[in-house]
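Read-outs throughout are calculated quantities, based only on the coordinates presented, and are distinct from any laboratory measurement. The model shown is predicted, which means the values in this text are computed figures rather than measured ones. Here Cβ is always computed from backbone atoms with ideal geometry, including for glycine, and neighbour counts include all displayed protein chains.
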Amino acid sequence: MSKLKVGFYWAASCGGCDIAILDLNEKILDILEVADIVFWPVAMDIKYKDVEDMLDGYMDVCFFNGSIRNTEQAEIANLLRKKAKTLVAFGSCACAGGIPGLANLYDRKQIFDYIFDESPSTVNDNHIQPRVKIDFGNFEMKLPKFSEAVAPLDQIVEVDYYIPGCPPPVELIGNAIEILISGILPEKGSVLAPVKSVCDECSRKREKKKIDKIKRVINFQPSTEKCLLDQGVICMGPATRGGCDARCIKANQPCSGCGGACPEVVEQGASMISALSTVLGLDLEKNEEFDEEGLAEQIPDPVGTFYKYCLAASIINRRVSE
């Protein structure tokens, strides 16, 4: 029996997903008994030309981590889609845009103006900014074009499966690889993670108390026994798919939502806002009035709180400037 051919690619992300692969530890040896890694730029010397020369469908599965920020990443996404029978969005950035997706609060010009001209640490008297093409006479240098917005992988190419997390938990990675190696595949488009929420994996006691103030863990030490929401801390657990064994909560930190939306949820951020309204004692159907300004002051970064990993995949996925 011939070995499976596996690839990994790193687009707009921090690199944590590649480290998570190594965190499989000795289990990776079991994988290598049945699969050969034929493409992994961060770990092996391989060029894009080598991938272009592969037959279409040459790789049995390719794990693609990172969102799409520039034209190079979009081109490679399309190339790997052709060269892989199965393409997996690996990690929060590929699945929903991830933290890089928060850049969609600004357009390309705003980002470049700040980075290359306006930031406190920048000295750029000639106001030079990167260009896609520079002619040096004897040769021409090209750079990938910085896109107007960050996109998750499935906004660029068709994705077969999703493995969420920032980075995906080792258990999810191992289980997903075993499923893909077995050849007994779930329905295309499936998320290879449990269907329950992080709250279902959390052992804290929930008293469903109504709160009148939102707190942050940088300002007080929450109890390790009581539900964080009951203590006034915004914890994304109710709106976030599990599979992480509630690790952040066990470390007395609120869930930040990296597992993505629970099944059947259209918008993770909106789902959490709805859940928070019940904790605040509000009845949205009765259109109860409340101190919006006072609440907003307690949440310094609403987008970063409710859409930290999913802004690029949300219904309103970017700010549009005139």
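Shape of the stretch 146-187 from its Cα gyration tensor (a ≥ b ≥ c, root eigenvalues): rounded if a/c is under 1.5, otherwise prolate when a/b > b/c, or oblate? Oblate, since a/c reaches 1.5 and b/c is not below a/b. The structure shown yields Cα extents along the principal axes in Å, and of the options (1) 57, 42, 42; (2) 65, 60, 34; (3) 64, 47, 39 that calculated value carries the label (2). By the count of other C-beta atoms within 10 Å, a proxy for reagent exposure, Asp200, Asp45 are ordered fewest to most as Asp45, Asp200. Taken about its Cα centre, the chain carries a charge dipole of roughly 380 debye when the Cβ of each Lys and Arg holds +1 and the Cβ of each Asp and Glu holds -1.
Each principal axis of the Cα cloud of the stretch 106-147 was evaluated for its coordinate range; sorted largest first, these ranges are 36, 24, 11 Å. The Cα trace of the stretch 82-134 gives Rg and Dmax of 16.6, 50 Å, the first to one decimal, the second as a whole number.
At q = 0.09, 0.18, 0.20 Å⁻¹, work out log10 I(q)/I(0) for the stretch 198-313 with the Debye formula, treating every Cα as an identical point scatterer and leaving solvent out; two decimals please. Result of the Debye calculation: -0.22, -0.95, -1.18. Using a cut-off of 12 Å between beta-carbons, work out the net charge of the residues near Gly57 (Lys and Arg +1, Asp and Glu -1, Gly57 not included). Combined, the nearby Lys, Arg, Asp and Glu give +3. The alpha-carbon atoms of the stretch 140-216, seen along their principal axes, cover 63, 40, 21 angstrom, with the largest extent given first. Most tightly packed first, judged by the mean number of other beta-carbon atoms within 10 Å of their residues, the peptides 255-264, 15-24 read 255-264, 15-24. Per residue, the chain reaches -7000 deg cm²/dmol at 222 nm when only DSSP H runs of four or more residues are counted, each adding -39500 (n - 2.57). Listed by chain and number, the lysines whose C-alpha is less than 16 Å from the C-alpha of Lys82, apart from same-chain residues fewer than 8 away, are Lys5, Lys49. The Cα center of the stretch 10-48 and the Cα center of the stretch 122-140 differ in position by 35 Å.
In summary, the convex hull built on the alpha carbon positions of the stretch 3-157 has an orientation-averaged projected area of 11.6 nm².
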